[in-house]
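The values are calculated or read from the model by the stated rules, or taken from the named source; none is laboratory data. Small disclaimer: the values here were computed from a predicted structure and weren't measured. Note that each Cβ is placed from the backbone with ideal geometry, even for glycine, and that neighbours are counted across all protein chains shown. Areas reflect the complete protein model, heavy atoms only, side chains present, ligands, DNA and RNA absent. Shrake-Rupley method; radii C 1.70, N 1.55, O 1.52, S 1.80 Å.
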Amino acid sequence: MRSPIRTLVLFFLLALALTEPATAQKKNASYQKYIKEYSDLAVQHQRKYKIPASITLAQGILESGAGQSDLARRSNNHFGIKCHTDWKGGRVYHDDDLRGECFRKYKKVEESYEDHSKFLTQRPRYAPLFKLNITDYKGWARGLQKCGYATDKAYANKLIKMIEDYKLYKFDRQGKKGTSHAKTPVSTIQRTIYKTHGLLYVYAEANDTFEEIAAGTGFKAKDLKKFNEVPGDFPLQKGDIVYLQKKKVKADKPHYDHVVQIGESMHSIAQKYGIQMKSLYKINKKQPDYTPAEGDVLKLR
């Protein structure tokens, strides 16, 4: 006869086994393989060219279908860079915005990464991006769309979603020269607490962490991460809203809908109105893989 404790343990393990595949299915295996294969190269390019590794990886995945697109397989072109008048290298023709457009062809993927970095660093229209903090992937994503890297109205938002879904921001930290991996003491600076939508919150400071905010407000860091629906290593940026309590299931009146802007994600929109992400998806009948595009109108209640 089985003991009650053993039965309980077996039940727990069975439940865990049944739930793990569902969680794993949320991650694209080809994306994970691509990240594993090219993350070191992206970090090297961050150190050399000052382009966030997260942006390079996210662009590589999106532009090349994680290296599986027809263009990527035929030309090793992982960033969708077209020929332009100054290109003297190999060429391949591919349907994009127009039929039979000329794209750059490389002998190996590493050449595509090198050309992508030079493409961004040598063109004046991208110069403002290099004034941003190297960990400001949201600013870089918005800037790339505004500077005309792609015509897709959801381009910046897709980059941000890719970076946050696959935690690509961790590679930006690896790419910072002189980065110390030693633990830094938690600061207990005085925090000003605000209230919006009936919820208490604080603004994140530069280089802030949930641990520091927790220490300065009397909360536990794990609770703050849960309230704000972020993973444990999520990077805060100056000005981010950090809620000190659980968000609502719908926005307060008179906030009935929201027009999506460049660089917004479902998470950032949920934070803006103090509502839970799962509610935002549910209200709008969207699946987890949905990425809001500039101009989309989302219901908030």
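So here's what we get for this one:
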quantity	calculated
Selection count where residues are over 22 Å from R173 (Cα atoms), surrounded by fewer than 18 Cβ atoms within 10 Å (Cβ to Cβ) and not charged (D, E, K, R), scope segment 237-261	7
Check on I160, under 17 Å from K50 (Cβ atoms) and touching a helix residue (DSSP H, G or I) at 6+ places or on another chain (Cβ under 9 Å)	no
Residue ranges of strands (runs of 3 or more DSSP E) in segment 199-301 with at least 3 members not charged (D, E, K, R)	199-203, 241-243
Any pair with Cβ under 7 angstrom, 6 or more apart, that starts in segment 64-79 at a residue that is surrounded by fewer than 17 Cβ atoms within 10 Å (Cβ to Cβ) and ends at one that is of a type in the set (F, W, Y) and outside any helix (DSSP H, G or I)	none
Q287 being open to solvent by 40 Å² or more (accessible area, probe 1.4 Å) and without any contact (Cβ under 8 Å) to a residue 12 or more places away in the chain	yes
Every residue from segment 85-96 that is open to solvent by 90 Å² or more (accessible area, probe 1.4 Å) and either touching a residue at least 12 places away in the same chain (Cβ under 8 Å) or within 28 Å of the chain's Cα centre (by Cα) (or both)	R91
Of the criteria (1) touching a Leu at 6+ places or on another chain (Cβ under 6 Å); (2) more than 23 Å from Y137 (Cα to Cα); (3) among the small types (G, A, S), which one G218 fails	(1)
Single condition K222 does not satisfy, out of (1) open to solvent by 30 Å² or more (accessible area, probe 1.4 Å); (2) within 18 Å of the chain's Cα centre (by Cα); (3) farther than 16 Å from M277 by Cα	(2)
Residue within segment 155-178 that is assigned to a loop (DSSP other than H, G, I, E, B), modelled with pLDDT of 90 or more and loosely packed, with under 13 Cβ neighbours inside 10 Å present	no
Enumeration of residues in segment 99-137 that are assigned to a helix (DSSP H, G or I) and open to solvent by less than 30 Å² (accessible area, probe 1.4 Å)	V109, S112, Y113, D115, H116, S117, F119, L120, Y126, L129, Y137
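Here's the yes/no breakdown for (1) assigned to a helix (DSSP H, G or I); (2) modelled with pLDDT under 95; (3) surrounded by 11 or more Cβ atoms within 10 Å (Cβ to Cβ); (4) not aliphatic (A, V, I, L, M):
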| position | (1), (2), (3), (4) |
| --- | --- |
| P21 | yes, yes, no, yes |
| Q32 | yes, no, yes, yes |
| Y38 | yes, no, yes, yes |
| Q59 | yes, no, yes, yes |
| L62 | yes, no, yes, no |
